[in-house]
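The values are calculated or read from the model by the stated rules, or taken from the named source; none is laboratory data. Please read all numbers here as calculations on a predicted model, not as lab measurements. Quick reminder, even Gly has a Cβ in these numbers, built from the backbone with ideal geometry, and neighbours come from all protein chains shown.
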Amino acid sequence: MPIYRDIFLFSVYTGLAYHDAMSLTADNIESRKDGSFKLTVRRGKTDVITECFLPDQAIEILKKYEGRQEIEVLNTVLPYRSNKEVNVQLKKLAELCGISMRLSTHIARHSYRQLLAEAGIYDMGVVKRLMGQSRNGDVDEVYYSVTDGGLLKAKEKLQRLLNYYLIK
């Protein structure tokens, strides 16, 4: 069951939808000179680029699966499990832990958005870039540029919140 928990938590830490998390490859993660890791991926659903700097907890999950045969064969960074299978196992995990909320891969994405708000990340341009959201005709698309500095600041705020809650 740890694999299912890890898939769920990776999406909580990154905001990635199930399909995007399962499709992630090492090519989507850039190791920076400062020791940070920047994730860049084009979302399958919206065809919009998502970018974020990975919090420590997400990096720990990826390291756990490095070098495993399944990862090497599939050329992914997380072990592949079907969305249905993950959601069934999350339901079992919730029952074991006494969690009354219905856990699912989509709830992980909602949780990420909530964590951003609780961390004080309200800049909609940054939120949209972190979550790969787009709306046609949105003036932010034309007049607003999200920088690595803004994304790093969001990662730092999110990291502080995750450390506060001791989410691992």
Item checked: Unmet requirement for GLU66, which otherwise passes all of (1) more than 20 Å from LYS38 (Cα to Cα); (2) at pLDDT 90 or above -> (1)
Next item on the list: Quick one: which residue in SER111, SER145, SER134, SER100 is at pLDDT 85 or above, polar (S, T, N, Q) and outside any helix (DSSP H, G or I)?
Entry: SER100
Next item on the list: Under 8 Å between Cβ atoms, at least 6 apart or on separate chains: pull out the pairs that start in the range 81-92 with a residue that is more than 14 Å from HIS106 (Cβ to Cβ) and end on any residue that is aromatic (Phe, Trp, Tyr) and surrounded by 14 or more Cβ atoms within 10 Å (Cβ to Cβ).
Entry: ARG81/TYR4; GLU85/TYR4; GLN89/TYR4
Next item on the list: Of the numbered conditions (1) part of a helix (DSSP H, G or I); (2) modelled with pLDDT of 90 or more; (3) of a type outside the set (S, T, N, Q); (4) surrounded by 17 or more Cβ atoms within 10 Å (Cβ to Cβ), VAL127 fails exactly one; give the number of that condition.
Entry: (2)
Checklist line | All positions within the range 63-80 that are in contact (Cβ under 8 Å) with a residue 60 or more places away in the chain and either among the hydrophobic types (A, V, I, L, M, F, W, C) or on the phi > 0 side of the Ramachandran plot (or both) | finding: LEU78
Next item on the list: Working only within the range 64-78, note down all residues that are more than 15 Å from the chain's Cα centre (by Cα) and not acidic (Asp, Glu).
Entry: LYS64, TYR65, GLY67, ARG68, GLN69, ILE71, VAL73, LEU74, ASN75
Checklist line | Selected residue (only one of SER82, SER104 is of a type in the set (Gly, Ala, Ser) and closer than 19 Å to MET131 by Cα) | finding: SER104
Check: What's the number of the condition LYS84 fails, among (1) farther than 24 Å from GLY149 by Cα; (2) not in a helix (DSSP H, G or I)?
Finding: (2)
Margin query: Quick check on my filter: what residues within the range 30-65 are of a type in the set (Val, Ile, Thr) and within 18 Å of GLU156 (Cβ to Cβ)?
Written below: ILE59
Notebook entry, point to check: Which condition number in (1) more than 25 Å from LEU161 (Cβ to Cβ); (2) out of contact with any Leu (no Cβ under 7 Å at 6 or more places or on another chain); (3) among the hydroxyl-bearing types (Ser, Thr, Tyr); (4) surrounded by 13 or more Cβ atoms within 10 Å (Cβ to Cβ) is the one that THR105 fails?
Noted result: (1)
Margin query: Cβ-Cβ under 7 Å, sequence separation 6+ or interchain: first residue in the range 128-153 and more than 21 Å from SER111 (Cβ to Cβ), partner of a type in the set (Phe, Trp, Tyr) and at pLDDT 75 or above. Which pairs?
Written below: LEU152/PHE53
